[in-house]
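Student: Quick one: structure below, then a few questions.
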């Protein structure tokens, strides 16, 4: 991947982002505790000018002194879009909780998103497993987030439901976190979030919702229940919520027609 790695000051925070390609704009947002989204930009370089920003407090972006939340990230993404990408529509391709923020962004910034590609978006935080909600709420305790990020990978085999969601020996969710404070703030915001109504307002935006075939802590019945002429569903065999690099490649390749042609 020969991507340019750049920085821009967005909402008072030095934001790191990757940039590559020419053509219509594409913004790629990762899940907040998983792999970065540069693969999306790299794969679409022949058809789009892609931008993959790191959320404040993650990867190479600075920590934000402000409290992060889904609305805050939507506002931050709007500032990034206007300042770096320019005042033009963009395809927004996002994963997991990043997809939740992308829904909010599109709903609150009309005409900003030309289409949305969402991999297993967390639609309703209250539907997440109880044990996971417990961890997310626990981050309000000072120092708890840092301990969770350090020790949860070793505790995964003991957690309920891990075999059901297809996890193996260790969680691969802690890549890229440079600010436990910001990670905890996003977690607490997400656990009480419901993006259902926002999705229903996006009738003019073509949306592709992708899910894996394996059981996930994102209820698939919630995703399949989201219908409309503007919504397309795609299930990919052998994948679950926690994507490896190979899984990311499968998602991007499967969504390519939708990204390049809108089909």
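Student: Which of the following residues is closer than 28 Å to residue 250 by Cβ and modelled with pLDDT under 95: 80, 95, 58?
Tutor: Being closer than 28 Å to residue 250 by Cβ and modelled with pLDDT under 95 holds for just one of 80, 95, 58, which is 58.
Student: OK, next. Select from the stretch 221-233 the residues that are out of contact with any helix residue (DSSP H, G or I) (no Cβ under 7 Å at 6 or more places or on another chain) and assigned to a helix (DSSP H, G or I) and list them in ascending order.
Tutor: If the condition is that a residue be out of contact with any helix residue (DSSP H, G or I) (no Cβ under 7 Å at 6 or more places or on another chain) and assigned to a helix (DSSP H, G or I), then 221, 223, 224 are the ones that fit.
Student: Is it the case that the stretch 234-256 has a residue that's in a strand (DSSP E or B) and within 19 Å of residue 40 (Cβ to Cβ)?
Tutor: Yes, the stretch 234-256 contains a residue that is in a strand (DSSP E or B) and within 19 Å of residue 40 (Cβ to Cβ).
Student: Does the stretch 27-37 contain any residue that is at pLDDT 95 or above and surrounded by fewer than 22 Cβ atoms within 10 Å (Cβ to Cβ)?
Tutor: No, the stretch 27-37 contains no residue that is at pLDDT 95 or above and surrounded by fewer than 22 Cβ atoms within 10 Å (Cβ to Cβ).
Student: Now for a separate question. Taking residue 218 as the residue in question, decide whether it is at pLDDT 90 or above, within 17 Å of the chain's Cα centre (by Cα), surrounded by 14 or more Cβ atoms within 10 Å (Cβ to Cβ) and not in a helix (DSSP H, G or I).
Tutor: yes
Student: Right, another one. Give the stretch 207-229 a look and list any residue that's touching a residue at least 60 places away in the same chain (Cβ under 8 Å), farther than 25 Å from residue 112 by Cα and in contact with a strand residue (DSSP E or B) (Cβ under 7 Å, 6 or more places away or on another chain), or say none.
Tutor: 212, 222, listed by residue number.
Student: With assigned to a helix (DSSP H, G or I) and either touching a helix residue (DSSP H, G or I) at 6+ places or on another chain (Cβ under 6 Å) or within 21 Å of residue 179 (Cα to Cα) (or both) as the only criterion, which of 97, 106 stands out?
Tutor: Going through 97, 106 in turn, the sole match is 97.
Student: On the basis of being surrounded by fewer than 17 Cβ atoms within 10 Å (Cβ to Cβ), modelled with pLDDT of 95 or more and in contact with a helix residue (DSSP H, G or I) (Cβ under 8 Å, 6 or more places away or on another chain), does residue 71 make the cut?
Tutor: In short, yes.
Student: Residue under question is residue 78, and the condition is that it be part of a helix (DSSP H, G or I), more than 25 Å from residue 223 (Cβ to Cβ) and free of Cβ contacts under 8 Å to residues at least 12 places away in the same chain; does it hold?
Tutor: Criteria not met by residue 78.
Student: Right, here's the next one. Restricting attention to the stretch 100-123, report how many residues are surrounded by fewer than 17 Cβ atoms within 10 Å (Cβ to Cβ) and in contact (Cβ under 8 Å) with a residue 12 or more places away in the chain.
Tutor: Final tally of qualifying residues: 3.
Student: In addition: Within the stretch 40-52, how many residues turn out to be buried (at least 21 other Cβ atoms within 10 Å of the Cβ) and either assigned to a strand (DSSP E or B) or under 14 Å from the mean Cα position of the chain (by Cα) (or both)?
Tutor: Count: 4.
Student: Something else about it: Against the definition (crowded, with 17+ Cβ neighbours inside 10 Å, touching a helix residue (DSSP H, G or I) at 6+ places or on another chain (Cβ under 6 Å) and part of a loop (DSSP other than H, G, I, E, B)), how does residue 61 come out, yes or no?
Tutor: Here the answer is no, as residue 61 does not meet what is asked.
Student: Those residues that are part of a loop (DSSP other than H, G, I, E, B) and surrounded by fewer than 15 Cβ atoms within 10 Å (Cβ to Cβ), I need them from the stretch 81-94; list them, please.
Tutor: Selection gives 86, 87, 88.
The values are calculated or read from the model by the stated rules, or taken from the named source; none is laboratory data. Predicted, not measured: the structure shown is a model, and the values here were computed from it. Reconstructed Cβ throughout: ideal geometry from the backbone, glycine too, with neighbour counts over all protein chains shown.
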